[in-house]
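Each remark here refers to the structure printed beneath this line.
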Amino acid sequence: MTIWQAALIALFTYAAWISSPWLGGQAISYQGFGKPLVAGLIVGLIMGDVKDGVIIGATINALYVGAVTPGGAMSADINIAGYVGTALALATGVTPEVAVSVAVPLGIIGTFAWQLFATINSFLVHKTDKYAADADLGKLTWMTLGLPQIIAFLIRFVPCFLVLYFGSSLAQGIVAYIPASLIHIFTVVGGMLPAIGMAVLIKMLLPSPFFLGYLVIGYVCVAALKLPVFTVALIGAAIAMISMLGISDKMPKLTESAADGELHADSEQPSEDVRTLTDEDIKKVTRRWLFSNTSAWSYERMQNVGFAWSLAPALKKLYPQKDDLGTALTRHMVFFNTEMTIGTPIVGAVLAMEDQRAHGADVPDDMIDAIKAGLMGPLAALGDSLYGSTLNALLLSFCMGLALTGNALGPIIFIVAWTVLTIGISFWGVKFGYKQGMNIMDSQIFSPEAISQITRVLSILGLIVIGGLTAGFVTVTTPIAWGMGDAATALQGILDGLMPGLLPFIVTGVIWYLHDRKNASVTKLLLGLIVVGIVGAIIGLF
């Protein structure tokens, strides 16, 4: 690997990290460009092997397809697992299954960088308080996009570059001397590990055990009928759309103005409501929030710095006096944390209340804090479960089906679709929140009925797709046979006669049962599956 290849890949481990603002903040940088599926394409382009890069990236992503970071909790750094794992795999020429085994420890080690970053920012946030109180917007910007990003660059780019540049040659030398039996162990373990990602998604999507039938449909389509995963995904989408026929009348009805962020007339703002901020002001705040929401994330107050900085230009317009602006900025330096995309209506609602307050309306600090506190938890739960995990995983699943054969359209379709979707929802969400203002708590669009019906449809689609992905990404076979010569009977042949790919289906089912019914943690399942794979490979079971 050349120095420039190592530098470019290391740069993406920073630019596509959870706190980096440069590719679209956490929602696009980490949940889009940070996915191993996309990392495989980018690393493949840099190293001149797009097909193998895409296949390896998709295989690694199968393990992490259901990964989320609720409340900043990161169980594995999928960015490093994808970028560094794919790069080392291409440099050493190992199989995708072995690459998964390499990616697991990398993902675990990478979490320490996030913990260090969030800890440092917990000290920096107190300095940011002073700049906010002084209404020093230049220094507030420095503490949002400047100093924290220098720290992030140092703890991401530097170690990743060193590992890639010096480690690739070392890894090549090590791989050359690894005995075939050890490579076999890595292959067995790597083939099993994607079952954990599938099991996590099944638990997430399964509203009732009866829905397991949809999982079986997807699995049989790929394992027995040999349909491409992408084709199965289209079948799943068709079945999900048909299922909507019986529930569409239960969904809350929006007026024609819903596209502009308004609901029924009974939720309009009072006639005496006076607003100053223009559409351009609202869009500017949205752009800032989109890019900065986790750029200075800390354990102490989480997204507060990004939230205050996002509102800064609008607050400056509403409060021309420096003292008033400092008071307003300080008001938003308190604890804040929500899902970045689904939580955007909070940003808009707070803007509306600040607008009303600037015009003399009785909008005390307690009311603004109450709206933020009352919405950030529910919208975080909704966003993490429905958008950041379920919808993201479904889109990944569609595209991983293409990528499994080395088709670069898989990651391209994913990153384009996810970026457009995230930007569209973000701009709509802030505008919707601004239109609703203090009435946002009563909005029908977040009603339990609407969320329940949407979740049901996504569950049907998701389980069919996950069934197909399980057949495509989980690899478990057995060499057990009895008899001699041509009369030998292979256990694998008997199992395939019952149902092709039966062993991967059983392994995934056992992992799901332990995770969902016995509450086994992902960490325990990961360690247990590694032990089972190693022992099974040694004794000749796999």
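How large is the dipole of the chain about the Cα centre if only Lys and Arg carry +1 and Asp and Glu carry -1, each at its Cβ, rounded to the nearest 20 debye? Each step should come with its number before you reach the end.
On the way: 28 positive and 34 negative charges, 214 e Å.
Charge dipole, the chain, about its Cα centre: 1020 debye, nearest 20.
Mind checking which of Ala195, Gly406, Val102 is farthest towards the positive end of the chain's charge dipole, using Cβ charges of +1 (Lys, Arg) and -1 (Asp, Glu) about the Cα centre?
Val102
Which entries in Lys127/Lys283; Lys372/Lys435; Lys35/Lys524; Lys317/Lys435 show an alpha-carbon gap greater than 21 Å? Working shown, then result.
Working: Lys127/Lys283 28 Å; Lys372/Lys435 16 Å; Lys35/Lys524 23 Å; Lys317/Lys435 18 Å.
Over 21 Å apart, Cα to Cα: Lys127/Lys283; Lys35/Lys524.
Spelling out what I want: for every residue of the stretch 28-43, take phi, set θ = phi - 60°, compute 6.51 cos²θ - 1.76 cosθ + 1.60 (Karplus), and round to whole Hz; glycine and proline get x.
9, 4, 7, 7, x, 5, x, 5, x, 4, 6, 4, x, 5, 5, 5
Out of Gly424, Gly374, Leu325, whose Cα points farthest toward the positive end of the dipole of the stretch 308-436 (charges: +1 Lys, Arg; -1 Asp, Glu; placed on Cβ)?
My answer, from the dipole projection, is Gly424.
For a quick protection proxy, order the peptides 87-94, 47-54, 3-10, 525-532 by their average other-Cβ count within 10 Å, most packed first. The partial results should precede the final answer.
Details: 87-94: 23.4, 47-54: 19.9, 3-10: 17.8, 525-532: 16.1.
By packing density, highest mean first, the sequence is 87-94, 47-54, 3-10, 525-532.
When a/c reaches 1.5 or more, the comparison of a/b and b/c decides; with that in mind, is the stretch 3-189 rounded, prolate or oblate per its Cα gyration tensor?
Details: a/c = 2.35, a/b = 2.18, b/c = 1.08.
It is prolate, given that a/c is not under 1.5 and a/b is the larger ratio.
Could you tell me the relative contact order of the chain? Use alpha-carbon pairs under 8 Å, at least six residues apart, and round to a whole percent.
On the way: 916 pairs, mean separation 126.1, N = 542.
Once normalised by length, the contact order is 23 percent.
Residues with amide H under 5 Å of Ala481's amide H, sequence separation 5 or more or different chain, H placed in the peptide plane at 1.01 Å from N; which?
Hits under the 5 Å cutoff: Leu491.
Hey, got the dipole for the stretch 3-189? About the Cα centre, +1 on K and R Cβ, -1 on D and E Cβ, debye to the nearest 20? Intermediate values should be presented prior to the final figure.
On the way: 6 positive and 7 negative charges, 28 e Å.
Using Cβ point charges on Lys, Arg, Asp and Glu, the stretch 3-189 gives about 140 debye.
Extent of the chain along each principal axis, from alpha carbon coordinates, in Å, largest to smallest?
Result, largest extent first: 92, 57, 38 Å.
Which ³J(HN,Hα) values, rounded to whole Hz and listed in residue order, are derived for the stretch 116-130 from phi using the Karplus coefficients 6.51, -1.76 and 1.60 in 6.51 cos²θ - 1.76 cosθ + 1.60 with θ = phi - 60°, glycine and proline given as x?
Values, residue by residue: 5, 4, 5, 5, 4, 5, 5, 7, 5, 4, 6, 5, 5, 3, 5 Hz.
Amide H of Ala296 versus every other amide H placed in the peptide plane: which residues, excluding those fewer than 5 positions away on the same chain, fall under 5 Å?
The list, which skips near neighbours in sequence, is Gly306.
Ranked highest first by average number of other Cβ atoms within 10 Å, how do 303-313, 492-502, 232-242 line up?
On the way: 303-313: 25.0, 492-502: 14.3, 232-242: 18.1.
Taking the mean over residues of other Cβ atoms within 10 Å, the ranking is 303-313, 232-242, 492-502.
Which whole-angstrom value gives the distance between the alpha carbon centres of the stretch 474-495 and the stretch 414-437?
What the calculation gives is 53 Å, centre to centre.
Would you mind putting 453-463, 220-230, 76-86 in packing order, based on average other-beta-carbon counts within 10 Å, highest first?
Numbers: 453-463: 20.5, 220-230: 18.5, 76-86: 29.7.
For the peptides 453-463, 220-230, 76-86, the packing ranking is 76-86, 453-463, 220-230.
Which Cα, out of Leu498, Gly462, His359, lies furthest along the positive dipole direction of the chain (beta carbon charges, K/R +1, D/E -1)?
Looking along the dipole axis, the top candidate is Leu498.
Whole-Hz Karplus ³J(HN,Hα) for the stretch 141-150, in order, using 6.51 cos²θ - 1.76 cosθ + 1.60 and θ = phi - 60°, x for Gly and Pro?
Residue by residue, the stretch 141-150 yields 5, 4, 7, 9, 10, x, 4, x, 6, 5 Hz.
Once amide H atoms are placed 1.01 Å from N in the peptide plane, what residues at a sequence separation of 5 or more from Phe336, or on another chain, have their amide H within under 5 Å of its amide H?
Excluding prolines and chain starts, which carry no amide H, the hits are Gln303, Asn304.
Readers should treat all values here as calculations from the given coordinates under stated rules, not as data from a laboratory. The structure displayed is predicted, hence computed values, not measured ones. Because the Cβ atoms are built from the backbone with ideal geometry, glycine has one as well, and the counts that use them run over all protein chains shown.
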